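The values are calculated or read from the model by the stated rules, or taken from the named source; none is laboratory data. Just so we're clear, the structure is a prediction, and the values are computed from it rather than from any experiment. Cβ placement follows ideal geometry from the backbone for every residue including glycine, while neighbour counts extend to all protein chains displayed. SASA here: full protein model, heavy atoms, side chains in, ligands and nucleic acids out. Shrake-Rupley method; radii C 1.70, N 1.55, O 1.52, S 1.80 Å.
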Amino acid sequence: MDTVQLKLTDSTNPDLLQLITQLDEELYAKYPAEEVFIVDFNDQAIHDVDSVI
């Protein structure tokens with residue numbers, strides 16, 4: 001059986017940034033831009049967000 005590992009990370013993690021970029025591309029291809037919720041990594045509140053990869 002495969003093992004799933006979860007890792008708590010911050011907003012500077014390269015793997016997280018790649019996943020978010022790929023997700024954004026997919027969402028923009030499927031939906032109008034005004035319907036896509038994005039994460040603003042330039043917002044200071046990003047440090048309050050917990051991310052898991």
How much of the accessible area of the chain, in percent, comes from carbon and sulfur atoms when a 1.4 Å probe is used?
53
Kindly provide the helix-only [θ] at 222 nm of the chain, computed as the sum of -39,500 (n - 2.57) over DSSP H runs of four or more divided by all residues, to the nearest 500 deg cm²/dmol?
-11000 deg cm²/dmol
Run the simple label-point estimate for residue 21 and residue 1 please: 7 Å along Cα→C-beta, distance reported in nm.
3.6
Could you give the size of the charge dipole of the chain about its Cα centre, using +1 on the Cβ of each K and R and -1 on the Cβ of each D and E, expressed in debye and rounded to the nearest 20?
160
If I model a spin label at residue 52 and residue 33 as a point 7 Å from the Cα along the Cα→Cβ vector, what separation in nanometres do I get?
3.3
Using a probe radius of 1.4 Å on heavy atoms only, what accessible surface per residue do you get for the chain? Whole Å² is fine.
90
With contacts defined as alpha carbon pairs under 8 Å and 6 or more residues apart, what's the relative contact order of the chain in percent?
65
Accessible area of residue 52, 1.4 Å probe, to the nearest 10 Å²?
90
